[in-house]
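Engineer: Got a structure for you, questions after.
The values are calculated or read from the model by the stated rules, or taken from the named source; none is laboratory data. Because the structure is a prediction, the values reported are computed rather than measured. With ideal geometry, Cβ positions are generated from the backbone for all residues, glycine too; neighbour counts draw on all protein chains shown.
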Amino acid sequence: MSRLVIVSNRVAAPQQSRAGGLVVALDAALRDTGGVWFGWSGKATRDGTQAVQHARAGNVEYVTMDLSEADVAGYYDGFSNRTLWPALHYRLDLVEYSRETHVVYRQVNARFAERLATLLRPGDRVWIQDYHLLPLAGELRARGVDNPLALFLHVPFPPSDLARALPNHASVFGAMAAYDLVGFQTRRDCENFDAYLRDATDSGEIALRAGRPPPLTRAFPISIDADEFAQAARRARGSAGVRGLRDSLGGSALAIGVDRLDYSKGLVEKFQAFGEFLRRHSGNTGGLTLLQVAPVSRGGVRSYRELRHELERIAGHINGRHADPQWTPIRYVNRNLGRQTLAGYYGAARLGLVTPLRDGMNLVAKEYVAAQDPDDPGVLLLSRFAGAADQLGGAMLVNPYDIGGVADAIDAALRLGADERRERHAESLRSLREQDIHWWTAAFLDALDARGTSRSRATTA
Ligand code: ADP
């Protein structure tokens, strides 16, 4: 079995951190065959030195590279997060494009390729993660690398017209054609990318390399370790933290939201919908409390700072208007929680409110389902614009832009009887179990292996 090489912007060895499901699953795949995990160390050096660190655990080598402060500003904070992130989430209005950061993004990818090429052995399968590294395959091919190269895009891919509106899109999105396999979260993302390649080729904006077939594109919805998460929720059920939360509610129902503080998550609209629910329906519900956990993210970017201020304003406004001395409708918490505590909180919530305006997948939706007690589960209200909506058939789907519609859906969800809640939950849980994170890694690598074989047949024929 040939080795696996994983490349991601950040390398998180599981023994070094409180690892999430993705890290654990990728690491397990690496340990199956042995291999290398390569990426940025997370360190920005003032003097511009780019030291490389090697660490080994069993048959897996972790290789990380420092970047200079200027590189991090251009490649990571700049082009990845201010340009690509909004563009890929359909938000051209928030795209900050600069030629300088674009150049640095390309240079850092070239430098990663330079270093990575020295680590590769013939036959190694290379699996690259996400939007920070779109041009990496082209850079590796330019250095003579002939290994199977695959990309998984964790975020959405927008409709062709939006993708083609990004200045110099050919050098980032067009460059994705250099992969053998490109995996997406949903069929929609996959179709959008196929249409992009077709349109950009037809209009002469990109030229596919003669003699190399275009990449195989397929959807591989990412997931969580559902059984492990359910166990964490069961363990947390009787814990002091969860009991404390329940006691503090004094018998009223809990709705929970857990989102990084990001404009793609639709937090402003969620608060507005909750406020509208209180206005329209509060008489019927006996004081529903929304616990919104929203750790601050990318605080250096203006649009994120503005969002934070806006949320503080709206939460204050809604609480001022509806609270009474015994009850605060929105509990807005910016801190990080441990996974078990989080699992316990999900389990204590009668409603999960997951309403992004656009999201590649959304793992919070899956965690909420996995954490429910199957005998008395809560209801998931889920945005149609989250990739997870394709799989969680038991969720109540909503349009997050429709504030009144979401307000009414909250009311309807609270009124669901136990039988319907159990049926909905069972349906979502079934697909979560069938396609969990271990299925995801196996399905992706199977597709890459199949593609590798057909490619070598094509070249030898
Ligand atoms: P994104 O990757 O865009 O942030 P996802 O919903 O796919 O969105 O994944 C977010 C992950 O981060 C989930 O596993 C979630 O449990 C975790 N998470 C989010 N907020 C917190 C928090 N405050 N404390 C701990 N974990 C969190």
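Engineer: Would you call Pro214 touching a residue at least 24 places away in the same chain (Cβ under 8 Å) and exposed (fewer than 15 other Cβ atoms within 10 Å of the Cβ)?
Structural biologist: No; evaluated as a whole, the condition is false for this residue.
Engineer: Could you list, in sequence order, all residues of the stretch 338-355 that are part of a helix (DSSP H, G or I) and within 13 Å of the ligand (Cβ to nearest atom)?
Structural biologist: Arg339, Gln340, Thr341, Leu342, Ala343, Gly344, Tyr345, Tyr346
Engineer: Out of all the residues in the stretch 366-379, is one or more within 13 Å of the ligand (Cβ to nearest atom), surrounded by fewer than 24 Cβ atoms within 10 Å (Cβ to Cβ) and assigned by TED's automatic domain parsing to the domain that holds Gly275?
Structural biologist: Scanning the stretch 366-379, I find no residue that is within 13 Å of the ligand (Cβ to nearest atom), surrounded by fewer than 24 Cβ atoms within 10 Å (Cβ to Cβ) and assigned by TED's automatic domain parsing to the domain that holds Gly275, so the answer is no.
Engineer: To continue, here is another question. Looking only at the stretch 259-273, which residues are in contact with a strand residue (DSSP E or B) (Cβ under 9 Å, 6 or more places away or on another chain) and either farther than 18 Å from Arg384 by Cβ or polar (S, T, N, Q) (or both)?
Structural biologist: Passing the criteria: Ser264, Phe271.
Engineer: One residue is enough: does the stretch 325-337 have a residue meeting the conditions more than 10 Å from the ligand (Cβ to nearest atom) and surrounded by fewer than 14 Cβ atoms within 10 Å (Cβ to Cβ)?
Structural biologist: Taking every residue of the stretch 325-337 in turn, at least one turns out to be more than 10 Å from the ligand (Cβ to nearest atom) and surrounded by fewer than 14 Cβ atoms within 10 Å (Cβ to Cβ).
Engineer: Which of the residues belonging to the stretch 11-42 are closer than 25 Å to Asp77 by Cα, in contact with a strand residue (DSSP E or B) (Cβ under 7 Å, 6 or more places away or on another chain) and either exposed (fewer than 15 other Cβ atoms within 10 Å of the Cβ) or modelled with pLDDT under 90 (or both)?
Structural biologist: Across the stretch 11-42, the qualifying residues are Ala13, Gly42.
Engineer: Let me ask something else. Give the stretch 255-288 a look and list any residue that's within 16 Å of Val379 (Cα to Cα) and surrounded by fewer than 20 Cβ atoms within 10 Å (Cβ to Cβ), or say none.
Structural biologist: Correct list: Thr285 only.
Engineer: When you scan the stretch 360-399, how many residues do you find that are of a type outside the set (S, T, N, Q), within 26 Å of Gln129 (Cβ to Cβ) and part of a strand (DSSP E or B)?
Structural biologist: Result for the stretch 360-399: 2.
Conditions (1) touching a residue at least 40 places away in the same chain (Cβ under 8 Å); (2) more than 21 Å from Phe157 (Cβ to Cβ); (3) out of contact with any Phe, Trp or Tyr (no Cβ under 8 Å at 6 or more places or on another chain), marked per residue:
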residue: Met1; (1), (2), (3): no, yes, yes
residue: Val5; (1), (2), (3): yes, yes, no
residue: Asp32; (1), (2), (3): no, yes, yes
residue: Ala51; (1), (2), (3): no, yes, yes
residue: Tyr97; (1), (2), (3): yes, no, yes
residue: Glu100; (1), (2), (3): no, yes, yes
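Engineer: Here is a further query. What helices (runs of 4 or more DSSP H) completely inside the stretch 76-160 contain at least 2 residues that are modelled with pLDDT under 95 and within 21 Å of the chain's Cα centre (by Cα)?
Structural biologist: Output list is empty.
Engineer: From the list Gly378, Gly387, Gly405, which residue is small (Gly, Ala, Ser), within 17 Å of the chain's Cα centre (by Cα) and either farther than 26 Å from Pro158 by Cβ or at pLDDT 95 or above (or both)?
Structural biologist: Just a single option satisfies the conditions, and that option is Gly387.
Engineer: If you don't mind, there's one more thing I want to ask. Please find, among Ala150, Ala163, Ala113, the residue that is surrounded by fewer than 23 Cβ atoms within 10 Å (Cβ to Cβ) and among the aliphatic types (A, V, I, L, M).
Structural biologist: Residue meeting the stated conditions: Ala113.
Engineer: It is to be established whether one or more residues within the stretch 191-203 are part of a helix (DSSP H, G or I), within 30 Å of Glu306 (Cβ to Cβ) and not hydroxyl-bearing (Ser, Thr, Tyr).
Structural biologist: yes
Engineer: Restricting to the stretch 214-231, name every residue that is over 24 Å from Leu151 (Cα atoms) and touching a Lys or Arg at 6+ places or on another chain (Cβ under 6 Å).
Structural biologist: Once the filter is applied, which keeps residues that are over 24 Å from Leu151 (Cα atoms) and touching a Lys or Arg at 6+ places or on another chain (Cβ under 6 Å), the stretch 214-231 yields only Ala226.
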